[in-house]
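In what follows, a structure is listed as structure tokens, so that the remarks can point back to it.
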Amino acid sequence: MVHDARSLRKKIVILGAGPTGLGAAYRLKELGQEAFVVLEGRESAGGLASSETSANGFIYDIGGHVLFSHFRYFDELFDRMLGDEYQELQREAWVWMMDRFLPYPFQNNIKDLPPEAVLKCVLGVIAAQKAQLKSGGEKPAYKTFEDLIHGVFGEGIAEYFMMPYNFKVWAHPPKMLGTHWIGERVPVVDLERMITNVVMNRADVSWGPNNTFKYPRHGGTGGLFLRVAETLEDRIRYGAQVTGVDARRKRVLLADGSDEEYDELISTMPVDRLVQSVTDAPAEIVEATSLLHHSGSAIIGVGVNQPAPTTKCWMYFPEANCPYYRVTYLSNYSPEVVPDATRQYSLLAEVSRSSYKPVNLETVVDEVLTGFVNTKLLSPADRKDVVDTHLITREYTYPIPTIRRDDALSVIQPWLESRDIYSRGRFGAWKYEIGNMDHSVQMGAEIADRLVRGRPELCWKDQILPKKDQELGLNPLREPARRPGSPETAPASAL
Ligand SMILES: Cc1cc2nc3c(=O)[nH]c(=O)nc-3n(C[C@H](O)[C@H](O)[C@H](O)COP(=O)(O)OP(=O)(O)OC[C@H]3O[C@@H](n4cnc5c(N)ncnc54)[C@H](O)[C@@H]3O)c2cc1C
């Protein structure tokens, strides 16, 4: 590898040991960078992709994490870290509504709904498509996500599924979201397929042999990132809570009163907090952070003293009879996440929260258990077999792709770079569309490559190449391959 000897000597500080910070550090080590350190506020690595063990020995992730990799670098890292210690699973996803399960995706499986609901969904799509035709075949320019939902899916699907589900996931009204994050490809509903499935009474499932995902056998999702962190043991400082950045003197300020000098800073903390903590940030840059919205989560793990009742992976819940938008049968991912998989299973419920959708953390666990009964995941009698509950809360879990998000980022990011600060990752970049684990690791590795070898970043610029063409930072920019719907909020992009 060709390196610039000066770049190898400069000091790089990485803020955060989540997937992005770990990706950056791992790559710097690979490139032979001498001077770098990772500052992590918590006592362990993994960030939002870490896992927690409850007092009763159940392991829970911070929300259902499903791995879909767009990157060869990520695949190779996964293989190197885990060898054959992973499970390969079929993505079995369902939607619960009107007291029944429909296979996901919703729009292809409405046949099991009451006839009046089926009719409303079908007529809604027809009306939406007629309206599109009237516009003379012009590509519709939807300003808000709510407009897109109505314009593409029609009134029925919007009312039953898309609107309530998306409010539950984002904890923000869909009219606050833009459409830029969905990409150039405006979704279309396949009306013929939808009607054929209804008339022929045909189930149309999205899973099958080609629709699989990997999950670490040990330690939950976090098991992967703990292994990455182990390879960087001497480079990560835990309990190093960063309180500010003195960009003029190029120092990171820590809660214990110490500071850390840098030549270049890779930050993975939320970019709004970062900017607000930089000592000489101009007022207009700080002001721009007010355009960035986020939600937080309450994640509730539940252990049950019964054998697993189903092979389902995860389920979406659009209705108001439960507080969660998604529940995962986590013990179906790996038997190692419960103390005894022959007679126990676990569920993981995700509840979003924000000022638009407050959640009472004192009562949320009970509300989730009541929701399990309402949505028939548990019977009233099963509640006596609940042997574990575990609540995880985080303030920043979804960067909301609001209409003016990119206006804010377009002034914040160049200013940070002018101060040798590179803000990357789920909340560092604040781009939901590249906010998954694989994107995060790749973004970290690519900024490392850029700082040491001067290679262009692609993922952060939303340029995702087909895997066969990938070699870190070496590719000329080509037509980007759009990401397929992320498993994380599939119905939002389900499209
Ligand atoms: C509910 C939920 C479901 C998800 N599902 C999926 C999925 O199905 N598939 C998928 O691929 N991805 C999923 N993700 C996304 C995945 O968790 C992220 O892609 C990934 O964790 C982002 O990594 P990151 O390093 O950018 O940020 P983070 O994971 O947030 O890590 C940032 C790190 O910085 C540290 N830090 C922050 N501030 C400071 C400070 N001031 N001082 C010191 N340290 C600090 C934090 O402690 C943390 O360790 C999901 C996320 C959530 C919340």
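The values are calculated or read from the model by the stated rules, or taken from the named source; none is laboratory data. The model shown is predicted, which means the values in this text are computed figures rather than measured ones. Don't worry about glycine lacking a Cβ; one is built from the backbone with ideal geometry, like all the others, and counts go over all protein chains shown.
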Exercise for the section: Inspect all residues belonging to the stretch 457-468 and state whether any of them is part of a helix (DSSP H, G or I) and of a type in the set (A, V, I, L, M, F, W, C). Expected result: yes
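Might you check whether a residue that is farther than 29 Å from residue 210 by Cα, more than 15 Å from the ligand (Cβ to nearest atom) and part of a helix (DSSP H, G or I) occurs anywhere in the stretch 108-115?
Yes.
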Exercise for the section: Kindly establish whether residue 387 is of a type outside the set (Asp, Glu) and more than 14 Å from residue 349 (Cα to Cα). Expected result: yes
Fill in the blank from the handout: Taking the stretch 70-86 and keeping residues under 26 Å from residue 338 (Cβ atoms) and touching a residue at least 12 places away in the same chain (Cβ under 8 Å) leaves 78, 81, 82, 85, 86
Exercise for the section: Examine the stretch 265-276 for a residue that is small (Gly, Ala, Ser), farther than 23 Å from residue 450 by Cβ and assigned by TED's automatic domain parsing to the domain that holds residue 19, and state whether such a residue exists. Expected result: no
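Residue by residue, here is whether (1) touching a residue at least 12 places away in the same chain (Cβ under 8 Å); (2) within 27 Å of residue 146 (Cβ to Cβ); (3) not assigned by TED's automatic domain parsing to the domain that holds residue 451 holds:
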position: 372; (1), (2), (3): yes, no, yes
position: 382; (1), (2), (3): yes, no, yes
position: 387; (1), (2), (3): yes, no, yes
position: 406; (1), (2), (3): yes, yes, no
position: 409; (1), (2), (3): yes, yes, no
position: 415; (1), (2), (3): yes, no, no
position: 425; (1), (2), (3): yes, no, no
Practice task
Take the stretch 246-262 and flag every residue that is assigned to a loop (DSSP other than H, G, I, E, B) and either in contact with a helix residue (DSSP H, G or I) (Cβ under 8 Å, 6 or more places away or on another chain) or of a type outside the set (D, E, K, R) (or both).
Solution key: 247, 255, 257, 258, 262
Fill in the blank from the handout: Expected single match for buried (at least 16 other Cβ atoms within 10 Å of the Cβ) and on the phi > 0 side of the Ramachandran plot among 41, 21, 46, 83 is 46
Exercise for the section: For the stretch 315-335, name all the residues that are under 17 Å from the mean Cα position of the chain (by Cα) and assigned to a loop (DSSP other than H, G, I, E, B). Expected result: 324, 325
Handout entry: Which numbered condition residue 130 misses (of (1) free of Cβ contacts under 8 Å to residues at least 12 places away in the same chain; (2) of a type in the set (Lys, Arg); (3) within 16 Å of the ligand (Cβ to nearest atom))
Key = (3)
Fill in the blank from the handout: Picked from the stretch 263-282 (must be in a loop (DSSP other than H, G, I, E, B) and more than 12 Å from the ligand (Cβ to nearest atom)), the residue farthest from residue 247 (Cα to Cα) is 282
Completion exercise
Here the residues within the stretch 321-331 that are surrounded by fewer than 22 Cβ atoms within 10 Å (Cβ to Cβ) and over 16 Å from residue 365 (Cα atoms) are 329
Exercise for the section: Name the single residue, out of those in the stretch 243-262 being within 31 Å of the chain's Cα centre (by Cα) and either within 13 Å of the ligand (Cβ to nearest atom) or surrounded by fewer than 12 Cβ atoms within 10 Å (Cβ to Cβ) (or both), that is farthest from residue 444 (Cα to Cα). Expected result: 255
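Residue-wise test of (1) surrounded by 24 or more Cβ atoms within 10 Å (Cβ to Cβ); (2) touching a residue at least 60 places away in the same chain (Cβ under 8 Å); (3) farther than 20 Å from residue 183 by Cβ; (4) within 13 Å of the ligand (Cβ to nearest atom).
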position	(1), (2), (3), (4)
396	no, yes, yes, yes
419	no, yes, yes, no
430	yes, yes, no, yes
442	yes, yes, no, yes
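Among the listed residues 99, 147, identify the single one that is away from the ligand (no atom under 16 Å from the Cβ), under 30 Å from residue 404 (Cβ atoms) and among the acidic types (Asp, Glu).
Going through 99, 147 in turn, the sole match is 147.
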Exercise for the section: Would you confirm whether any residue within the stretch 377-389 is under 24 Å from the mean Cα position of the chain (by Cα), within 16 Å of the ligand (Cβ to nearest atom) and either under 26 Å from residue 10 (Cβ atoms) or surrounded by fewer than 23 Cβ atoms within 10 Å (Cβ to Cβ) (or both)? Expected result: no
Handout entry: Residues of the stretch 230-242 satisfying the condition of being more than 14 Å from the ligand (Cβ to nearest atom) and of a type outside the set (D, E, K, R)
Key = 231
